[in-house]
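The values are calculated or read from the model by the stated rules, or taken from the named source; none is laboratory data. Just so you know, these numbers come straight off a predicted model, no measurement behind them. Reconstructed Cβ throughout: ideal geometry from the backbone, glycine too, with neighbour counts over all protein chains shown. In case anyone asks, the SASA skips ligands and DNA or RNA and just uses the protein heavy atoms, side chains included. Shrake-Rupley method; radii C 1.70, N 1.55, O 1.52, S 1.80 Å.
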Amino acid sequence: MEHRIAVLKGDGIGPEIIDEALKCLGVVAEEFGHSFIYDEQLIGGAAIDALEIPLPSETVDACLASDAVLMGAVGGPQWDTLPPSVRPEQGLLGIRKALGVYANIRPAKLYAPLADACPLKPERLQGGLDLIVCRELTGDVYFGEKRRDADGAGHDDMTYTIPEIERIAHRAYGLAKQRRNHVTCVDKSNILETSRVWRETVERVAREYPDIETDYLYVDNAAMQLVLRPSQFDVILTGNLFGDILSDEASCITGSIGMLPSASLGETSLGLYEPIHGSAPDIAGQNKANPIATILSAALMLRYSFGLFAEANAVENAVDAVLKEGYRTADIAKPDESVLTCSEMGSVIASHI
Ligand code: NAD
């Protein structure tokens, strides 16, 4: 089957890591008989250099005409002195908005061979660490009215509508169905009215999924439980602000920023897939970056946008196997271990698919 993918390499290590993801997708296409058609477009600093804007309209049009968008990362010191409205990050915010993505999915998984990189004590990791934070992306205090009073006091209005909560809740239950059938709703409903609406709405949605276990935690407890017993979580369903904080906490307990993918999804199957890390200007152009987060983002694309479950599993299993066999890039290697370049790691994963 044919799938159109808009490819936004971006800046810094973006082109290097995306090339390795494309290498792996090439093997998937061959092995499983698919055809991936790539449409490469500019975003971020690369677009500023070429066209003086971070998100050209051709990029937006190409993304909207595709089945999925695969992105590297944007930004770098050479654009840091530009005014905020024309900086590379505007490209990222702009494309998320143009695609209407409201659900940010961040899996956080600790790979057993990399357990040493985890900052938690080994006894806290019994049962493993393999969870997804499903964060609402378009509502909450980030998008409410903002103002300052004459005396300097600041206000940010926190709002959630019932339809906004329903659609992200359905998304979380859909994810749980494909995993271990467990949703943890995280809110602050002992204090906040928005959270009371959130919890009541999730309780109603939960009734539509009798086979999925639901539990409810206040966000302060959830933050504690993540470091005390992370194995209790499968899918964490939460709002924009709490999700921002908990997804960073969840990723840092896996210990390796170069390993973590993300997906941003909207009403349709058109999603945006990118590693959670940035453009790593300190190692850009040196063939040193870890391409695994981007390769795993491509696996999420296969699963969530194209419904290609066996193909997604094949990519994830290849990453697992390669780590078990001891292959490492510099960021995940111990001092005495030999390291692969970015392109070597991409090739070894591709050869395991
Ligand atoms: P960063 O994630 O780019 O880098 C942080 C550290 O992690 C660096 O030491 C880097 O070398 C390392 N690192 C990151 N990804 C790696 C990988 N795949 N392999 C090996 N090492 C890796 O964060 P930063 O340094 O704060 O930001 C650099 C630039 O990236 C800034 O311009 C920032 O605005 C931008 N940024 C972009 C995104 C995005 O595009 N989504 C996200 C975060 C930061």
Picking from Gly75, Gly154, Gly26, which is most flexible by a Gaussian network model of the chain using Cα springs under 10 Å? Gly154
Could you size up the charge dipole of the range 119-253 around its Cα centre, putting +1 on the beta carbon of Lys and Arg and -1 on that of Asp and Glu, and report it in debye to the nearest 20? 400
Solvent-accessible area of Glu325, probe 1.4 Å, all protein chains present, reported in Å² to the nearest ten, please. 110
Using 0.36 nm per residue, how much length does the chain from Arg167 to Ala310 gain when fully extended, once their Cα-Cα distance is taken away? 48.8 nm
Any GluC sites (Glu not before Pro) in the range 1-106 that lie in a DSSP loop and have at most 12 other Cβ atoms within 10 Å would be Glu52
Out of the range 143-174, which GluC sites (Glu not before Pro) are coil in DSSP terms and have no more than 14 other C-beta atoms within 10 Å? Glu145
Among Tyr327, Ile253, Ser35, whose Cα lies farthest out toward the positive end of the dipole of the chain, if unit charges sit on the beta carbon of Lys, Arg (+1) and Asp, Glu (-1)? Ile253
Modelled label-to-label distance, Ser351 and Met1, 7 Å Cα→beta-carbon offset: nm? 3.1
Kindly provide log₁₀ I(q)/I(0) values, in the same order as q = 0.16, 0.21 Å⁻¹, from the Debye equation applied to equal alpha-carbon scatterers of the range 119-253. -0.80, -1.24
For Leu82, Leu137, Leu8, give the ranking by accessible area with the largest first, probe 1.4 Å. Leu82, Leu137, Leu8
Simple SL model, points at 7 angstrom along Cα→Cβ for Glu325 and Ile191; separation in nm is 5.0
With a Förster distance of 41 angstrom and the Cβ-Cβ distance between Ser57 and Glu249, calculated FRET efficiency to the nearest 0.05 equals 0.65
For the range 1-149, size of Cβ-based charge dipole, Lys and Arg +1, Asp and Glu -1, in debye: 680
Past 24 Å, Cα to Cα, is the threshold; run Lys121/Lys188; Lys288/Lys334; Lys23/Lys324; Lys121/Lys334; Lys9/Lys97 against it and keep the listed order. Lys121/Lys188
Partner aspartates and glutamates whose C-alpha sits under 14 Å from that of Lys177, ignoring same-chain residues fewer than 8 away, are Glu208, Asp211, Glu213, Asp234
Amide N proximity, the range 1-34 versus Glu344 label position 7 Å along Cα-to-Cβ, cut-off under 20 Å: 13, 16-24
Is there a quick way to get the dipole size of the chain? I mean about its Cα centre, with the Cβ of Lys and Arg at +1 and of Asp and Glu at -1; what is the value in debye to the nearest 20? 640
For the chain, with all protein chains present and a 1.4 Å probe, just round the carbon and sulfur fraction of the accessible area to a whole percent. 52
Sequence-distant or interchain residues sharing an amide H contact under 5 Å with Ala108, placed H: which? Leu131, Ile132, Val133
Give me the three principal axis extents of the chain from the C-alpha atoms, as integers in angstrom, largest value leading. 51, 49, 43
Each label sits 7 Å from Cα toward the beta-carbon; between Arg147 and Leu64 the label points are separated, in nm, by 3.3
Subtracting the Cα-Cα distance from 0.36 nm times the residue separation, let me have the gained length for Ser35 to Asp80 in nm, one decimal. 12.3 nm
